[in-house]
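The values are calculated or read from the model by the stated rules, or taken from the named source; none is laboratory data. Bear in mind that the values here come from a model prediction, so they are computed numbers and not experimental data. In this analysis, Cβ positions are derived from the backbone assuming ideal geometry, glycine residues included, and neighbour counts consider all displayed protein chains. Calculation scope for accessible area: heavy atoms of the full protein, side chains included, ligands and nucleic acids excluded. Shrake-Rupley method; radii C 1.70, N 1.55, O 1.52, S 1.80 Å.
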Amino acid sequence: MAGNTFGQVFRLTTWGESHGPAVGCVVDGCPAGLALGEADIQRELDRRRVGQSKVSSARQEPDRVEILSGVFEGRTTGTPIAMMVRNTDAKSSHYDTIKDLYRPGHADYTWDAKYGFRDWRGGGRSSARETIGRVAGGAVAKLLLARYGVSIVAWTAQLGDLKAQVFDEAEIERNIMRCPDAAVAAQMIERVDQARRALDSLGGVVEVRARGVPPGLGEPVFDKLQADIGKAMFSIPAIKGVEMGEGFGVAYLRGSQNNDPFIRRDDGGIGTASNHHGGILGGISTGEEISVRLAAKPPASIAQQQQTVDRAGNPSAIEIHGRHDPTVLPRLVPIAEAMLALVLADHLLRQRLARAEL
């Protein structure tokens, strides 16, 4: 299977299946000397972990990370960093009765169409449990970026038609929806609870921003910074739309409205008076804040009876039981941060190769 590795210089490979013995990743290209311990990885994995609240799956996994290689005496050695998380609460029996049925909204049919064979236990490799490797690798990328003054923050911006009206960054980790608006977060939690009781699920929008990104990151043609960010975000399960900067809003603007005037900052550097471009021009970072919005579909696993067919094409009804997220948004927040960190870490290291003086 191709497509398990992301990045060119800072490279992440993920491995494992939802109901296999373990999942994990290998990070290659991380410079030597970066302070790194399991606690640094665990902090991010705990944010992604299932079973934390009534707005996530009830599957109980400790998600304890083990660093197998690439770290010695608390620092990276410059060699591949292998990390593993064991699966301890997989219940494959939940899928025995539907293993030959194509679940609506899932990748069952397309995997059969491609490979002619698939791991039907919880979706196998197409399960969102694969994102553990992304978050673990993103944690390493975040530590590397922090050395250059880059920080990343994401939050739940919208659930259905409920939109955050206030941005209080300190509030994000104080509520289970990871919404920066406490009042709207309470409404979101109630809306998710209603959907769960109705055996349904909800979609929404997560926003992620990177601050302190130096100008000059990205390649001007096929590896534009926004192109790699788009690929990173679209590779996350459940993502159906990605916007950067004004996104589709530019369709309603004139050039005189959309252009961001260049100015000299108080620190003597060059910046822009506004940021419709979302921190990227010509595929290269400008030094302004990079803003990305991700539209996530409602989780496909719902307990309502639905119509489908089996592998032979015979019509059938299906009910999906087990432990599933009623919305992906709170757990999507750390995943989105990780993927943006991976892109920026890769391009930061690539930029060091682009000019002799770097």
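Across the alpha-carbon set of the chain, the Rg to Rh ratio works out to 0.98, Rh being the Kirkwood radius.
Scanning the chain for chymotrypsin sites (Phe, Trp or Tyr not before Pro) that sit in a DSSP loop and have at most 11 other Cβ atoms within 10 Å, the longest stretch containing none of them is 223-358.
Largest mean-square fluctuation among Gln194, Gln257, Gln158, in a Gaussian network model of the chain whose springs join Cα atoms under 10 Å apart, belongs to Gln257. In this simple spin-label model, placing a label point 7 Å from the Cα along the Cα-to-Cβ direction at both Asp112 and Arg86 gives a separation of 3.5 nm.
Pick out, in residue order, every one of the trypsin sites (Lys or Arg not before Pro) in the range 284-358 that is DSSP loop and has at most 11 other C-beta atoms within 10 Å; say none if there are none. Provide the component values of the computation, followed by the final result.
Values: sites: Arg293, Arg311, Arg323, Arg331, Arg350, Arg352, Arg355; in loops: Arg311, Arg323, Arg352, Arg355.
Loop-located and lightly packed - Arg352, Arg355.
Sorted largest first by accessible area at a 1.4 angstrom probe radius, with every protein chain in place, the residues Thr88, Thr131 fall in the order Thr88, Thr131.
When the inverse distances between all different Cα atoms of the range 61-174 are averaged and flipped, the Kirkwood radius reads 18.2 angstrom.
Suppose a student asked you for the relative contact order of the chain, using Cα pairs under 8 Å spaced at least 6 residues apart; what percent would you report?
Numbers: 751 pairs, mean separation 78.9, N = 358.
Relative CO of the chain lands at 22 percent.
Multiplying the residue separation of Ala32 and Gln306 by 0.36 nm and subtracting their alpha-carbon distance yields 93.4 nm.
With a cut-off of 20 Å on the backbone N, the residues of the range 247-289 near the modelled label site 7 Å out from Asp223 along Cα-Cβ are 280-287.
For a straight C-alpha distance cut-off of 27 angstrom, the lysines reachable from Lys114 (same-chain residues fewer than eight places away being disregarded) are Lys91, Lys99, Lys231, Lys240, Lys297.
How high is the relative contact order of the range 168-247, in percent, with contacts defined as C-alpha pairs under 8 Å that are six or more residues apart? Before the final figure, lay out each step's value.
On the way: 37 pairs, mean separation 8.8, N = 80.
Computed over the range 168-247, the figure is 11 percent.
What is the range 301-358's relative contact order, in percent, from Cα pairs under 8 angstrom and six or more apart in sequence?
On the way: 33 pairs, mean separation 12.9, N = 58.
Relative contact order comes out at 22 percent.
Start at zero, step by 10 Å, and the Cα-Cα distances of the range 157-292 spread as 11, 31, 34, 18, 5, 0 percent across the bins.
Taken along the Cα-to-beta-carbon direction at a fixed 7 Å, the label points for Gln8 and Leu353 span 0.7 nm.
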